[in-house]
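What follows is a short report on a single structure.
Nothing in this text is a laboratory measurement; each read-out follows from the coordinates by a stated rule. Since we're looking at a predicted model, the values are computed, not measured. When we count neighbours, we look across all protein chains shown, and the Cβ atoms used for this are built from the backbone with ideal geometry, even at glycine.
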Amino acid sequence: MQSNSMIINRRSLLFKIIFGYGILFFRPKHLMAASLNSHPDWSLSKADWKKRLSQEAFTVLREEGTERPFSSPLNNEKRIGTYHCAGCDLPLFSSTSKFDSGTGWPSFWEPLPDAIATKVDFKLIIPRTEYHCIRCGGHQGHRFDDGPRPTGKRYCNNGIALSFRPLS
Ligand SMILES: [Zn+2]
């Protein structure tokens, strides 16, 4: 009985080790692949995206670039309305969740439901939560945990990745 139980324990330990390493190796890859899961209608080639977007918008949306702070007119936009993805026009944020973060980028404390997806990026070595339009996969910005209430989140968005539609 004792030896059987030892074998089971060893198997269980081996399983835990393999499973543990599996998570270690596969989880980051799974997260990194998130922005590729765009809607099939929006799986455009690089050349097609270049035709649709300005060079600056292409760099941000399709190559995860970051615009210069205070460069977007949307940073100071205060009208009531909706912020849409500049790549595919999906509504991403309401003006009701916009706030002045002082960073020089349009900032929101909450996206619209089912509008964005996130992944972890290591561009600055320290892991950051990148987010993108759930439909076309276009990069929008990064999410931080120092935002205002009620969510405590700060969605730091590139203005060039958005188009604003005033309500009136
Ligand atoms: Zn989009």
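General observations
- For segment 94-163, fraction of C-alpha pairs farther apart than 21 Å, in %: 18 percent
- Relative contact order for segment 69-168, counting Cα pairs under 8 Å that sit 6 or more residues apart, in percent: 31 percent
- Charge tally in the Cβ shell below 13 Å around ILE116, where Lys, Arg are +1 and Asp, Glu are -1, ILE116 excluded: +1
- Modelled spin-label separation between ASP146 and ASP114, with each label point placed 7 Å from Cα along the Cα-to-Cβ direction: 3.4 nm.
- Other residues whose C-beta falls under 14 angstrom from the C-beta of SER72 contribute a net charge of -1, scoring Lys and Arg +1 and Asp and Glu -1.
- For segment 58-102, backbone nitrogen atoms closer than 20 Å to the point 7 Å from ASP48 Cα along Cα-to-C-beta are found at 58-64, 85-91.
- Here the Karplus relation 6.51 cos²θ - 1.76 cosθ + 1.60, evaluated at θ = phi - 60°, turns the backbone of segment 123-130 into coupling constants of 4, 9, 6, 5, x, 10, 8, 7 Hz, with x for every Gly and Pro.
- The phi torsions of segment 146-163, fed into the Karplus equation with coefficients 6.51, -1.76 and 1.60 and a -60° offset, translate into couplings of 10, x, x, 5, x, 8, x, 9, 10, 8, 8, 10, 6, x, 5, 7, 10, 10 Hz, rounded to whole numbers, with Gly and Pro shown as x.
- Cut-off 20 Å, label 7 Å out along Cα→Cβ of ASN76, residues of segment 151-168 by amide N: 157-167
- In sequence order, segment 46-61 has phi-based couplings of 4, 5, 5, 5, 5, 5, 7, 10, 5, 4, 5, 5, 4, 4, 6, 5 Hz under the Karplus curve 6.51 cos²θ - 1.76 cosθ + 1.60, θ = phi - 60°, and Gly or Pro positions carry x.
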